[in-house]
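Encoded as structure tokens, the structure appears first; notes follow it.
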Amino acid sequence: MSEELLYAGKAKSVYRSDAPDELVVVFRDDITAFDGGKKDVLSRKGEYNARVSARLFEVLEKAGVPTHFLRLEDPTRMRVRRLAMVPLEVIVRNRAAGSLVRNYPFESGQPLAPPLIVIDYKDDARHDPMVNDEIILALGLLGRAELEEMKGLALRVNGVLRGIFAAADLDLVDFKLEFGRDDEGRLRLGDEVSMDSMRLWSRETGESLDKDVYRLGTGDVLGAYARVAERLGLEM
Ligand code: 5GP
């Protein structure tokens, strides 16, 4: 591969492409949890996340949400627009789970209506601390109008994804998004939208079909990812 590696994250690698304003994201088979404290390699995991992300980015673009997605070049390589990423993790929660239940007196599964938006500063060494609007503005990460725009986009993504997953008999409990600015300064959804970054509960059985299966060591992670892909109508 002639492309130069620009960045290797925990589960994806980003390469320069033949076009200056486009990059190639390769979804690897690595899976990690607890800020990289637990690590494994699962054959075909990259493919599941790449294919599901590509499908969801396509649906989001059609619904008017600007994303970095251009096309899937092969089962694990995604061609994207280059973005200057904003180091924030925007988490939308439809039900209480995970850190919200650990840190606050919510019941697991408690519906949150309207959905909660929680924003973390993306920094593994600091364990992604939660920030508020004032901290984001004081750090100069976004202007006030951009911050509102980012939250509005996150809620629009939630509306679209909830509908898609409900039709697949899956309950979208929560998910994490990352945004960046394109060459024109426009905010776009970047990174990935996959089972690695969301909680999906089966509506029939309540079981998790997402990375919690790996975090909690409760079963067959790849089998769970395959079931989500299948329910979205992807032939793998
Ligand atoms: P929690 O704050 O409960 O750990 O996570 C809330 C949601 O955001 C979950 O769906 C979780 O998968 C996702 N999330 C939070 N932080 C990260 C992160 O650093 N990486 C990934 N991939 N997902 C995250």
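The values are calculated or read from the model by the stated rules, or taken from the named source; none is laboratory data. In this text the structure is predicted, and so the values were computed from the model without any measurement. Positions of Cβ are backbone-derived with ideal geometry, glycine not excepted, and every protein chain shown enters the neighbour counts. What goes into the accessible areas is simple: the full protein's heavy atoms, side chains included, and nothing from ligands, DNA or RNA. Shrake-Rupley method; radii C 1.70, N 1.55, O 1.52, S 1.80 Å.
Over 23 Å between Cα atoms: which of LYS45/LYS176; LYS62/LYS151; LYS12/LYS122; LYS12/LYS62; LYS10/LYS62 fall into that group? Check vs 23 Å cut-off fails for LYS12/LYS62; LYS10/LYS62. With distances taken between every two different alpha-carbon atoms, region 1-124 has a Kirkwood hydrodynamic radius of 16.7 Å. Loop sites by DSSP among the GluC sites (Glu not before Pro) of the chain, restricted to those with at most 13 other Cβ atoms within 10 angstrom, leave 5-106 as the longest stretch without any of them. Note on LEU116 and ASP182: with the Förster distance fixed at 30 Å, the Cβ-Cβ geometry gives a FRET efficiency of about 0.60.
Remark on region 163-211: hydrodynamic radius 12.1 angstrom, per the Kirkwood mean of 1/r across alpha carbon pairs. Here the chain exposes an accessible surface that is 49 percent carbon and sulfur, computed with a 1.4 Å probe and the other protein chains kept in place. Over the chain, the hull volume per residue, using the convex hull of the C-alpha atoms, is 133 Å³. Per-residue extension of 0.36 nm, minus the Cα-Cα distance of ARG144 and GLU58, leaves a gain of 28.1 nm for this segment. Relative contact order for the chain using alpha-carbon pairs under 8 Å, separation at least 6, rounded to a whole percent? Relative contact order of the chain: 18 percent.
In units of the rule-of-thumb radius 2.2 N^0.38 Å, region 55-174 shows an alpha carbon radius of gyration of 1.17.
Given a cut-off of under 8 Å on Cα pairs at least six residues apart, what relative contact order in percent is computed for region 101-236? Before the final figure, lay out each step's value.
Numbers: 127 pairs, mean separation 17.3, N = 136.
Here the relative contact order equals 13 percent.
For the chain, adding -39500 (n - 2.57) for each run of n ≥ 4 DSSP H residues and dividing by the number of residues yields -9000 deg cm²/dmol at 222 nm.
Building the convex hull from the alpha-carbon atoms of region 1-70 and averaging its projection over directions returns 5.8 nm².
Bridge orientation summary for region 65-192: considering DSSP beta bridges with both residues in this region, about 95 percent are antiparallel. The alpha carbon centroids of region 102-146 and region 1-43 are separated by 25 Å. With the cut-off at under 19 Å, measuring from each backbone N in region 145-163 to a point 7 Å along the Cα-to-Cβ line of PHE106 picks out 151-163.
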